[in-house]
Amino acid sequence: MATILLVNDERISRTLLRVALERRQHEVIEASSGRRALVLAERRQRPVDLVVAELSSLKTDALQLVRSLRRCYPALRALFLSRSLGAGELEHQARATGAAVFKQPFDMAAVVAAAEALLAGSEEARKPPAHSGEPPRLRKANTG
């Protein structure tokens, strides 16, 4: 079981990701901002193994968040979610940290598989996902 710090300002996205990752027996800590994520990580007695963070919407830059956390957790892995992949330089910087990057909306199974691969240390997780042509699976559930 790994400890995953999930940072996203959208509660629905956080909840869907948390449930999917908890089904894989991981401990998931949720934060709605980079600042909150740093506070929660500092309070931990166990290390954080993976950060899954929204790349574009955090008040604390997601890349800086990972750099800060790596001072305490050098083996920390990162997976970024981006609303606007193709931002060129930002994506390049994210990948340079050794992170996987997914454009939203994304295939939930692919994100969970990439998280598992990152936790296992696989280089495959850092490659851009192949476009399957299938519609993305992360959608708001109809509750009515």
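Tabulated data
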{"item": "Residue in segment 1-28 that is surrounded by the most Cβ atoms within 10 Å (Cβ to Cβ), counting only those that are among the hydrophobic types (A, V, I, L, M, F, W, C) and over 21 Å from Q104 (Cβ atoms)", "result": "A2"}
{"item": "The one condition in (1) at pLDDT 90 or above; (2) over 21 Å from K103 (Cβ atoms) that V51 fails to fulfil", "result": "(2)"}
{"item": "Tabulated pairs, segment 34-45, first on the phi > 0 side of the Ramachandran plot, second in a helix (DSSP H, G or I), C-beta under 6 angstrom, 6+ apart or interchain", "result": "none"}
{"item": "Options R11, R77, R24, R70; residue that is modelled with pLDDT of 90 or more and in contact with a strand residue (DSSP E or B) (Cβ under 7 Å, 6 or more places away or on another chain)", "result": "R77"}
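The values are calculated or read from the model by the stated rules, or taken from the named source; none is laboratory data. Fair warning: this is a prediction, and the values are worked out from it, not measured in the lab. Ideal geometry is used to build each Cβ from the backbone, glycine not excepted, and the neighbour counts take in all protein chains shown.
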